[in-house]
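Undergrad: Below you will find the structure I want to go over with you.
The values are calculated or read from the model by the stated rules, or taken from the named source; none is laboratory data. Model, not experiment: these values are computed from the prediction. Quick reminder, even Gly has a Cβ in these numbers, built from the backbone with ideal geometry, and neighbours come from all protein chains shown. Heads up: the accessible areas ignore ligands, DNA and RNA and are worked out on the full protein's heavy atoms, side chains in. Shrake-Rupley method; radii C 1.70, N 1.55, O 1.52, S 1.80 Å.
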Amino acid sequence: MGLFGGKKTIRVNADILVVGGGMAGCGATYESRYWGRDLKVVCVEKANIERSGAVAQGLYAINCYMGMQWNENQPEDFVEYASNDLMGLVREDLAYDIGRHVDSTVHKFEEWGLPIMKDPETGRYMREGKWQIMIHGESYKPIVAEAARKAASEIHNRIMVTHLLMDKRDRKRAAGAVGFNVRTGDFYVFKAKAVVIAAGGASHIFKPRSVGEGMGRTWYAPWSSASAYGLPIEVGAKMTQMENRIVLTRFKDGYGPVGAYFLHLKTHTENAYGDEYESKWYDDTRELVGDYVDRQPVPTCLRNHAFLREVANGRGPIRMVTKEAFQDPHKETVGWENFLGMTIGQAVLWASQNIDPKHTNPELTTSEPYVMGSHATCSGAWASGPEDYAPPEYRWGYNRMMTVDGLFGAGDASGGTPHKFSSGSFTEGRIAGKAAVNYMNDMGDEPQIDEADVMRLEAEIFQPMENYRVGRNEITAGTVSPSYILPIHALQRLEKLMDEYCGGITVNYMTNEPLLMRGLELMEMLKEDSDNIGAEDLHQLQRAWEFKHRRLTSESVMQHTLFRKETRWPGYYYRGDHMKLDDDNWHCFTLSQYDAESGNWAMEKAPVFHIKEKD
Ligand SMILES: Cc1cc2nc3c(=O)[nH]c(=O)nc-3n(C[C@H](O)[C@H](O)[C@H](O)COP(=O)(O)OP(=O)(O)OC[C@H]3O[C@@H](n4cnc5c(N)ncnc54)[C@H](O)[C@@H]3O)c2cc1C
């Protein structure tokens, strides 16, 4: 194998294997150790858990904290809030489960050294909003990672997991995973009794607003590469709500967060002419979604909708009115610090563009769509619910187990549970870790790895390097070869395809059945071409596999978007051929199951149960 001919095969036997060491992965690692004192708990991470995942550069707020000790909110209130924001479609059993455990997670974070701001008058955690508390969070991730490091038997950093392994005798049961070291090229085979997928969400599925030299600038982490979906989809796990991509309203070009501005600094938005515009679109929105528009707080997608309509009517840009708030030196400090702990790039961008929010109201824009399961959106794997709470239709195994035996999901990987954010993702990791230990303790015989699978996957994983090595001889200069496609070319083709056919920014988030059908044809061609992807080095090999996970995830997003014949979340995307929300036919979850052998997708509906009566 040319340059990497000396690579080794490293075998790791684990009881519990955690794939991804972000918030959910650290939670799963920590809790598996608590319930499984003698177990071998292994966490595998493609970066380094000290600074990996969406919380890598820190956060300024923990967005999911009930405050039950002060009777601020109860889990039932959280369920109602999340369901309301997602236009009625939430796995309320899973959300309730997060709500009842999340406070204890946050208390642990504080115990481990995370500075949480306190209200000087009440002594309680300082609230940014009803659900958010404020932190000095630059070192949030290293603090959480330390707990995982101390709990794990082994942490394997710099290993990109590419495939799951299935039991030799039962192809519907997880047996481990394979991947490669992105620095040395060593091939890794992990055998495990239970696997927790916690590999984060997906950016760069749709063409980003920032292209060319700005390409790395996205709202969700650019390294969130859809493995959390690509890995389980490939082995036939059912997925849910994959059409529910999220679009964020953020400060233009830097994607700086707006939450602290709205909630803490009490700023508001206006159109280019200084007018309030949201109320103008009330009737228009009501026409599309009925009385969902009257819910409080107004669902995130509907606020986007008003923004998009106002801009489409020629009254953009929309601006955040900061000039008044920034006259108060305390608020000015908070406004800047909010970026310095979380999105430094926004502060740098404003400095480079002569924007001082004390004197200029900064522009906002809507982002390209992202696929994730922990924000105001709930794409992910269809997971079994809590034993004491889930209705029978949602319970086929252990808590957070996917429809594949021994395969668990948490954080962005787990579907139907929005608004978990960082603390809820860690909490869900804890829930999944505990359930994985129970699953393992109850199991009879251990899963067995099929060595034929291992050999086949090893060849498949490194094939892009071989494609490059051979194909490179056909050209003398440049990057375009008749025999291979580079990962960046493949990615840009995918982004363009998703953008134009599945409702991205250039088509104002609009799609319809003919567009989706054509998009799926083009997707099939891209899939064929991706067998010929060429990787120049190990870095590019990682990009190649990230692309493959993104591509399969995108196909799933398209299939789900095609299946749901309504516009459930205007402001996230529109089905031009079904412009209205249709509760009679689509007050349900959408489920998909991919068959890797035939390439077919089976789609179905699943019921939504409300655990709390609506007023
Ligand atoms: C800009 C931004 C602002 C946010 N603001 C807030 C906020 O203010 N408050 C709040 O509470 N939450 C906030 N969040 C949300 C929070 O960060 C996420 O909800 C949370 O990180 C999701 O946890 P996760 O474990 O699912 O994913 P992540 O934390 O992203 O972890 C996924 C991990 O998997 C690894 N991985 C991926 N693929 C592979 C693979 N194939 N092999 C091995 N490892 C892999 C990644 O490197 C990463 O370490 C914000 C997120 C972003 C991006």
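Undergrad: Identify, from the list Gly129, Gly99, Gly88, Gly123, the residue that is of a type in the set (Gly, Ala, Ser), buried (at least 17 other Cβ atoms within 10 Å of the Cβ) and assigned to a loop (DSSP other than H, G, I, E, B). Spell out how you get there, then give the answer.
TA: Working: Gly129 fails: buried (at least 17 other Cβ atoms within 10 Å of the Cβ); Gly99 fails: assigned to a loop (DSSP other than H, G, I, E, B); Gly123 fails: buried (at least 17 other Cβ atoms within 10 Å of the Cβ).
Of the residues listed, the single one that is of a type in the set (Gly, Ala, Ser), buried (at least 17 other Cβ atoms within 10 Å of the Cβ) and assigned to a loop (DSSP other than H, G, I, E, B) is Gly88.
Undergrad: Here's another thing I want to ask about it. Would segment 566-574 turn up any residue that is open to solvent by 10 Å² or more (accessible area, probe 1.4 Å), under 30 Å from Pro487 (Cβ atoms) and out of contact with any strand residue (DSSP E or B) (no Cβ under 6 Å at 6 or more places or on another chain)?
TA: The answer is no; no qualifying residue exists.
Undergrad: Continuing with this model, one more query. Restricting the search to segment 454-466, which residues are within 31 Å of the chain's Cα centre (by Cα) and open to solvent by less than 70 Å² (accessible area, probe 1.4 Å)?
TA: Those that are within 31 Å of the chain's Cα centre (by Cα) and open to solvent by less than 70 Å² (accessible area, probe 1.4 Å): Val454, Leu457, Glu458, Ala459, Ile461, Phe462, Pro464, Met465.
Undergrad: Going through segment 62-74 one residue at a time, which ones are more than 17 Å from Asp412 (Cα to Cα) and open to solvent by 10 Å² or more (accessible area, probe 1.4 Å)? Break it down into steps so the answer makes sense when it comes.
TA: At the first step, the residues of segment 62-74 found to be more than 17 Å from Asp412 (Cα to Cα) are 65-74.
Met68, Gln69, Trp70, Asn71, Glu72, Gln74 - these are the residues of segment 62-74 that are more than 17 Å from Asp412 (Cα to Cα) and open to solvent by 10 Å² or more (accessible area, probe 1.4 Å).
Undergrad: With the structure loaded, tell me whether Arg518 is under 20 Å from Arg245 (Cβ atoms), without any contact (Cβ under 8 Å) to a residue 24 or more places away in the chain, touching a helix residue (DSSP H, G or I) at 6+ places or on another chain (Cβ under 7 Å) and assigned to a helix (DSSP H, G or I) or whether it fails that test.
TA: Taking the combined requirement at face value, the residue satisfies it.
Undergrad: Thr333: among the β-branched types (Val, Ile, Thr), in contact with a Lys or Arg (Cβ under 6 Å, 6 or more places away or on another chain) and open to solvent by 10 Å² or more (accessible area, probe 1.4 Å), yes or no? Walk me through it before giving the result.
TA: Values: among the β-branched types (Val, Ile, Thr): yes; in contact with a Lys or Arg (Cβ under 6 Å, 6 or more places away or on another chain): no; open to solvent by 10 Å² or more (accessible area, probe 1.4 Å): yes.
So Thr333 fails the test.
Undergrad: Right, Tyr370: more than 15 Å from the ligand (Cβ to nearest atom), modelled with pLDDT of 95 or more, out of contact with any Pro (no Cβ under 8 Å at 6 or more places or on another chain) and open to solvent by less than 10 Å² (accessible area, probe 1.4 Å) or not? Quick ask: steps written out before the conclusion?
TA: Working: more than 15 Å from the ligand (Cβ to nearest atom): no; modelled with pLDDT of 95 or more: yes; out of contact with any Pro (no Cβ under 8 Å at 6 or more places or on another chain): yes; open to solvent by less than 10 Å² (accessible area, probe 1.4 Å): yes.
Taking the combined requirement at face value, the residue does not satisfy it.
Undergrad: Moving on to the next point. Name the pairs whose Cβ atoms lie under 8 Å apart, with the first residue in segment 95-121 and under 17 Å from His136 (Cα atoms), the second among the acidic types (Asp, Glu), and 6 or more positions between them or separate chains?
TA: Cβ pairs passing all conditions: Trp112/Glu146; Ile116/Glu110.
Undergrad: May I ask you to verify whether Val19 is surrounded by 19 or more Cβ atoms within 10 Å (Cβ to Cβ), within 16 Å of the ligand (Cβ to nearest atom) and touching a residue at least 40 places away in the same chain (Cβ under 8 Å)?
TA: Working: surrounded by 19 or more Cβ atoms within 10 Å (Cβ to Cβ): yes; within 16 Å of the ligand (Cβ to nearest atom): yes; touching a residue at least 40 places away in the same chain (Cβ under 8 Å): yes.
Yes.
Undergrad: Another question, if that's okay. Within segment 102-120, how many residues are within 15 Å of the ligand (Cβ to nearest atom), in a helix (DSSP H, G or I) and more than 30 Å from Tyr394 (Cβ to Cβ)?
TA: So the count comes out to 1.
Undergrad: I've got another one for you. Please verify whether Arg51 is within 11 Å of the ligand (Cβ to nearest atom), within 24 Å of Val196 (Cα to Cα), at pLDDT 95 or above and not β-branched (Val, Ile, Thr), treating the condition exactly as stated.
TA: Spelling it out, Arg51 is indeed within 11 Å of the ligand (Cβ to nearest atom), within 24 Å of Val196 (Cα to Cα), at pLDDT 95 or above and not β-branched (Val, Ile, Thr).
Undergrad: Can you find, within segment 166-195, the residue that is farthest from the ligand (Cβ to nearest atom) among those that are touching a Gly at 6+ places or on another chain (Cβ under 6 Å) and open to solvent by less than 10 Å² (accessible area, probe 1.4 Å)?
TA: At the first step, the residues of segment 166-195 found to be touching a Gly at 6+ places or on another chain (Cβ under 6 Å) are 173-174, 188, 190-192, 194.
If we keep only those that are open to solvent by less than 10 Å² (accessible area, probe 1.4 Å) too, we end up with 174, 190, 192, 194.
Values: Ala174: 15, Phe190: 11, Ala192: 14, Ala194: 17 Å.
Here the answer is Ala194.
Undergrad: Here is a follow-up. Assuming Leu340 fulfils every condition listed in (1) within 16 Å of the ligand (Cβ to nearest atom); (2) touching a strand residue (DSSP E or B) at 6+ places or on another chain (Cβ under 9 Å); (3) open to solvent by less than 30 Å² (accessible area, probe 1.4 Å) apart from one, which condition is it?
TA: (3)
Undergrad: Does Glu546 meet the test of being acidic (Asp, Glu), under 26 Å from Val298 (Cβ atoms), open to solvent by less than 40 Å² (accessible area, probe 1.4 Å) and touching a helix residue (DSSP H, G or I) at 6+ places or on another chain (Cβ under 9 Å)? First the steps, then the outcome.
TA: Working: acidic (Asp, Glu): yes; under 26 Å from Val298 (Cβ atoms): no; open to solvent by less than 40 Å² (accessible area, probe 1.4 Å): yes; touching a helix residue (DSSP H, G or I) at 6+ places or on another chain (Cβ under 9 Å): yes.
No, not satisfied.
Undergrad: Moving on to the next point. Give the residues of segment 399-453 that are part of a loop (DSSP other than H, G, I, E, B), open to solvent by 10 Å² or more (accessible area, probe 1.4 Å) and farther than 25 Å from Leu86 by Cβ, sorted by residue number.
TA: Correct list: Met443, Gly444, Asp445, Glu446, Gln448, Asp450.
Undergrad: Out of all the residues in segment 535-565, which are over 30 Å from Val480 (Cβ atoms) and touching a Lys or Arg at 6+ places or on another chain (Cβ under 8 Å)?
TA: Correct list: Thr561, Arg564, Lys565.
Undergrad: Return only the number of the condition from (1) within 15 Å of the ligand (Cβ to nearest atom); (2) at pLDDT 95 or above that Tyr255 does not satisfy.
TA: All conditions are met except number (2).
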